[in-house]
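Let me begin by presenting the structure, written as structure tokens, before commenting on it.
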Amino acid sequence: MSWILKVRDRFQAAHYLEHYKGKCEKIHGHTFWVEAAVRIDTLNDCGIGIDFTEIKSLLHDILPDHSLLNEVLPFNPSAENLSRHFYHELKKHFPVISVTVWESEDASACYSEDS
């Protein structure tokens, strides 16, 4: 028996994609939405596995709001690379199973290490 807890937050940032031929090679911005999924197997006495506010607080703290991602991150900031980066940052503290980064309402990348 297990539960999947999900939290979402958003941040606004600019980026450009290096080594890409097309409109995204130019600097542009997004309101990125990030969703983290955490698996829990037990509940405490009040029926909670991990308080949502704990997960949301850490997620909020790691999001690079109002920045040029290429200047603050050591990798090409594609949605794929962002989802992997946020996954590993959250995994240091919670049993994260996936992180999805939406760069628009109809385009996202989801990173997981599940086999």
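Each row is one residue, and each column tells you yes or no for (1) assigned to a helix (DSSP H, G or I); (2) under 10 Å from Val34 (Cβ atoms); (3) touching a residue at least 40 places away in the same chain (Cβ under 8 Å); (4) touching a Leu at 6+ places or on another chain (Cβ under 9 Å).
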residue: Asn76; (1), (2), (3), (4): no, no, yes, yes
residue: Leu82; (1), (2), (3), (4): yes, yes, yes, yes
residue: Phe94; (1), (2), (3), (4): no, no, yes, yes
residue: Val101; (1), (2), (3), (4): no, yes, yes, yes
residue: Asp114; (1), (2), (3), (4): no, no, no, no
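Residues being within 13 Å of the chain's Cα centre (by Cα) and either open to solvent by 40 Å² or more (accessible area, probe 1.4 Å) or without any contact (Cβ under 8 Å) to a residue 24 or more places away in the chain (or both): count how many of those fall in region 30-51. First the steps, then the outcome.
Of all residues in region 30-51, those within 13 Å of the chain's Cα centre (by Cα) come to 31-38.
Then drop every residue that is not either open to solvent by 40 Å² or more (accessible area, probe 1.4 Å) or without any contact (Cβ under 8 Å) to a residue 24 or more places away in the chain (or both), which leaves 31, 33, 35.
Count: 3.
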(request) For residues that are more than 15 Å from Leu69 (Cα to Cα), among the hydroxyl-bearing types (Ser, Thr, Tyr) and in contact with a Lys or Arg (Cβ under 6 Å, 6 or more places away or on another chain), tally how many sit in region 1-34. (result) 1
(request) Take the residues in region 66-86 that are of a type in the set (A, V, I, L, M, F, W, C) and surrounded by 16 or more Cβ atoms within 10 Å (Cβ to Cβ), then tell me which one is nearest to the chain's Cα centre (by Cα). (result) Phe86
(message) Quick check on my filter: what residues within region 1-23 are closer than 21 Å to Asp51 by Cβ, open to solvent by 40 Å² or more (accessible area, probe 1.4 Å), in a strand (DSSP E or B) and not β-branched (Val, Ile, Thr)?
(response) Trp3, Lys6, Arg8, Arg10
(request) Give me a count of the residues in region 81-98 that are touching a Phe, Trp or Tyr at 6+ places or on another chain (Cβ under 8 Å), aliphatic (A, V, I, L, M) and more than 13 Å from Phe11 (Cβ to Cβ). (result) 1
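The values are calculated or read from the model by the stated rules, or taken from the named source; none is laboratory data. What you are looking at is a predicted structure, and each value in this text was computed from that prediction instead of being measured. Don't worry about glycine lacking a Cβ; one is built from the backbone with ideal geometry, like all the others, and counts go over all protein chains shown. The area values use the complete protein model at the heavy-atom level, side chains included, leaving out ligands, DNA and RNA. Shrake-Rupley method; radii C 1.70, N 1.55, O 1.52, S 1.80 Å.
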